[in-house]
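Student: Here it is, the structure, as structure tokens.
The values are calculated or read from the model by the stated rules, or taken from the named source; none is laboratory data. Keep in mind the model is a prediction, meaning the values are calculated, not measured. Please note: Cβ atoms are built from the backbone with ideal geometry, for glycine as well, and neighbour counts cover all protein chains shown. Remember, those area values only see protein heavy atoms, side chains included, never the ligands or the DNA or RNA. Shrake-Rupley method; radii C 1.70, N 1.55, O 1.52, S 1.80 Å.
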Amino acid sequence: TDHHGCMNSVAHGVRVNPLPLPEFSWSSPTCSGVPVQFTDNSTVPPGYSGYIAKWLWDFGDGTSQLVVIPGSPNVTHTFVGTGMSHLVRLTVWTNDSCSQFKEHVITTLPAPIADFSTSTIHCSDQPVQFTDASQTNGGAGIIQWQWNFNDPGSGINNTSSLQNPQHTYANAGTYTVSLIVFNSSGCSDTIVKPVTINVAP
């Protein structure tokens, strides 16, 4: 309306697009030093014809990863630093540039540190004593041991689940022995050491 009392009007339709619905899940257990698989579960509201076109992962450890369609929004990440708790944020954008984010706290569990020692005498046809020296590293207690003596000729005796097993090598040589330890949280660590077996007199 102007100062003469003359009137006119105009109307325009304004389209308001809905926000996307971000969500994600992750693999467990989340053990320190082990890659974590993050899976995007984000959606758009029912009936909305748009789609999610961009994802930004902020892992809460000073690193981030941007994914643009047609790239896969599912990513793998190994947390850096010594922090055991991370606020992970996923921000998603639709093709209409509407965005929203979702956050989850990811708690990292301490993994054990595998280690072992052997008896000082390593002779063929004489048992070698293997002694577990693994540490909990501030995490849950160690509950499982998987030994591989790298001696396939010994058949079923080539492996052991004992904490402190013995193994007898029939032939002299250097054998690469591995030990995998698991704690009650499901975290694990592996160590590999060479063991040299001498010829018996």
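Student: Which ones in the stretch 59-86 are surrounded by 13 or more Cβ atoms within 10 Å (Cβ to Cβ) and among the aliphatic types (A, V, I, L, M)?
Tutor: Within the stretch 59-86, 67, 69, 75, 84 meet the criteria.
Student: Please verify whether residue 126 is open to solvent by 60 Å² or more (accessible area, probe 1.4 Å) and under 22 Å from the mean Cα position of the chain (by Cα), treating the condition exactly as stated.
Tutor: Answer is no for this residue.
Student: Given the options 174, 118, name the one that is surrounded by 14 or more Cβ atoms within 10 Å (Cβ to Cβ) and of a type in the set (Val, Ile, Thr).
Tutor: 118
Student: So which strands (runs of 3 or more DSSP E) stay within the stretch 1-93 end to end and still have 1 or more residues that are basic (Lys, Arg) and touching a residue at least 24 places away in the same chain (Cβ under 8 Å)?
Tutor: Once the strands (runs of 3 or more DSSP E) in the stretch 1-93 are filtered for at least 1 residues that are basic (Lys, Arg) and touching a residue at least 24 places away in the same chain (Cβ under 8 Å), what remains is 52-58.
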